[in-house]
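Quick notes on the structure that follows.
The values are calculated or read from the model by the stated rules, or taken from the named source; none is laboratory data. Just so we're clear, the structure is a prediction, and the values are computed from it rather than from any experiment. Glycine also receives a Cβ, built like all others from the backbone with ideal geometry; neighbour counts cover every protein chain displayed. For the accessible areas, the whole protein counts, side chains as well, though only heavy atoms, and no ligand, DNA or RNA atoms are used. Shrake-Rupley method; radii C 1.70, N 1.55, O 1.52, S 1.80 Å.
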Amino acid sequence: MRCRKLWVWAAVAVLTCATGCAGLSRPAPRGGAGEASGRAADASPPTGPAPQRTAAPSGGLPSVGVLLDADGHWCTASVVDSPRGNVVATAAHCVYGDEGAVRDVAFAPGFHGAGEGTAPYGTWRVRAVEVDRAWEQDADDARDYAFLTLEPDGRGREVQRVVGAAVPDWESGPRRRVTVVGYPNQDHNPANGPISCTTDTVPDPDLAGSMVMECAGFWDGTSGSPWLADQRDPKRPGRLIGVLSGGDTDTESTAVLFDARARELYTRAAAPAS
């Protein structure tokens, strides 16, 4: 059983895991085995310091933030490089449920601060939500990613111009060293700021085309967190190879590798408005 690390607000229906979720929400069946065919060869994890086993509070990245509405924030999202500079990536279960796509949602990059928090770079309204048809019809775990098109902010700026973006990678293998940045809910994150973990991934034995990391601290709210390969510093956020989609505890987290179908959604999100 895969549980999704989602801090549920009014925008998303409240569902609860029946077993084995350690407080996480909304279970879904898992299927398949082995690695996806046709993937590029795995990149060997680099040498250097040992992978982290526990996430730590951090300054985050300017291009990573939260999805929020009038009731607060519930998921993590990040800016992905696009021609118009107006696309963010997150998990499908964060933005599309039984009643369709969420509405009246905004993205706040660099969000932090106890209580209601602050959005130091401003907020951008979500104009369109792109999810795979297999997610729309069956909530297929293998398609738990989404791309959102944002409106310009109140000053007419596109989000990427303000905070930068990670370059998408559509052909990554499942063995990578990644940096994952996310926003747990305030029950486990009183400072209401980002956490990060740099660690190694392995293939998910329960879902083809997915990867797993073991790093404690990724509680509800971290769904949609970017998995960034080759991340160096805030000005070089690296390559986005997937987003956090599930995990049975705060220690084990999973992500679906971006592939050709993910790229199709991205292309739709990045297309000029008709």
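Mind listing whichever residues of segment 215-247 are of a type in the set (D, E, K, R) and closer than 23 Å to Val131 by Cβ? It would help to see each step written out before you state the result.
Filtering segment 215-247 down to residues of a type in the set (D, E, K, R) leaves 220, 230, 232-233, 235-236, 239.
Selection gives Asp220, Arg239.
What are the residues in segment 62-72 that are open to solvent by 10 Å² or more (accessible area, probe 1.4 Å) and either in contact (Cβ under 8 Å) with a residue 60 or more places away in the chain or of a type in the set (Gly, Ala, Ser) (or both), if any?
Going residue by residue through segment 62-72, those that are open to solvent by 10 Å² or more (accessible area, probe 1.4 Å) are 62, 68-72.
Selection gives Pro62, Asp69, Ala70, Asp71, Gly72.
When you look at Ala128, is it in a loop (DSSP other than H, G, I, E, B) and open to solvent by 10 Å² or more (accessible area, probe 1.4 Å), yes or no? Lay out the reasoning, then the answer.
Numbers: in a loop (DSSP other than H, G, I, E, B): no; open to solvent by 10 Å² or more (accessible area, probe 1.4 Å): yes.
The answer is no for Ala128.
Mind checking which pairs have a first residue in segment 98-119 that is of a type in the set (Ser, Thr, Tyr) and a second that is surrounded by 19 or more Cβ atoms within 10 Å (Cβ to Cβ) and assigned to a strand (DSSP E or B), Cβ under 9 Å, 6 or more apart or different chains?
Hits for this filter: Thr118/Ala108; Thr118/His112.
Considering only segment 251-264, how many residues are over 15 Å from the mean Cα position of the chain (by Cα) and either surrounded by 23 or more Cβ atoms within 10 Å (Cβ to Cβ) or within 13 Å of Trp227 (Cβ to Cβ) (or both)?
Result for segment 251-264: 0.
Given the structure, is Glu130 under 18 Å from the mean Cα position of the chain (by Cα) and more than 21 Å from Asp69 (Cα to Cα)? So that I can check it myself, show each step before the final result.
Working: under 18 Å from the mean Cα position of the chain (by Cα): yes; more than 21 Å from Asp69 (Cα to Cα): no.
For Glu130, the condition - under 18 Å from the mean Cα position of the chain (by Cα) and more than 21 Å from Asp69 (Cα to Cα) - is not met.
When segment 216-232 is examined, which residues are found to be surrounded by fewer than 24 Cβ atoms within 10 Å (Cβ to Cβ) and touching a strand residue (DSSP E or B) at 6+ places or on another chain (Cβ under 6 Å)?
Correct list: Ala216, Gly217, Ala229, Asp230, Gln231.
Restricting attention to segment 208-247, report how many residues are assigned to a loop (DSSP other than H, G, I, E, B) and touching a residue at least 40 places away in the same chain (Cβ under 8 Å). Outline the logic, then answer.
As a first pass, look at segment 208-247 and keep what is assigned to a loop (DSSP other than H, G, I, E, B): 208-209, 215, 217-225, 230-232, 234-235, 237-238, 247.
Checking which are touching a residue at least 40 places away in the same chain (Cβ under 8 Å) leaves us with 208-209, 215, 217-225, 231, 234-235, 237-238, 247.
Qualifying residue count, segment 208-247: 18.
Is it the case that Arg143 is modelled with pLDDT of 95 or more and within 18 Å of Val129 (Cα to Cα)?
Details: modelled with pLDDT of 95 or more: yes; within 18 Å of Val129 (Cα to Cα): yes.
Yes: the conditions hold for Arg143.
Within the group Ala92, Ala108, Ala134, Ala101, which residue is touching a helix residue (DSSP H, G or I) at 6+ places or on another chain (Cβ under 9 Å) and either open to solvent by less than 10 Å² (accessible area, probe 1.4 Å) or among the acidic types (Asp, Glu) (or both)? It would help to see each step written out before you state the result.
Values: Ala108 fails: touching a helix residue (DSSP H, G or I) at 6+ places or on another chain (Cβ under 9 Å); Ala134 fails: either open to solvent by less than 10 Å² (accessible area, probe 1.4 Å) or among the acidic types (Asp, Glu) (or both); Ala101 fails: either open to solvent by less than 10 Å² (accessible area, probe 1.4 Å) or among the acidic types (Asp, Glu) (or both).
Exactly one of Ala92, Ala108, Ala134, Ala101 is touching a helix residue (DSSP H, G or I) at 6+ places or on another chain (Cβ under 9 Å) and either open to solvent by less than 10 Å² (accessible area, probe 1.4 Å) or among the acidic types (Asp, Glu) (or both), namely Ala92.
Would you mention how many residues in segment 111-125 are in a strand (DSSP E or B) and crowded, with 16+ Cβ neighbours inside 10 Å?
Matching residues across segment 111-125 total 2.
Going by the conditions given, is Ala114 at pLDDT below 95 and aliphatic (A, V, I, L, M)?
Working: at pLDDT below 95: yes; aliphatic (A, V, I, L, M): yes.
When the stated conditions are applied, Ala114 passes them.
For segment 212-242, name all the residues that are at positive phi and over 14 Å from the mean Cα position of the chain (by Cα).
Gly217, Asp230, Gly238
When segment 141-200 is examined, which residues are found to be small (Gly, Ala, Ser), assigned to a helix (DSSP H, G or I) and in contact with a Pro (Cβ under 6 Å, 6 or more places away or on another chain)? It would help to see each step written out before you state the result.
Residues of segment 141-200 small (Gly, Ala, Ser): 142, 146, 154, 156, 164-166, 172-173, 182, 191, 193, 196.
Now narrow it down to the ones that are assigned to a helix (DSSP H, G or I): 142.
The answer is none; no residue qualifies.
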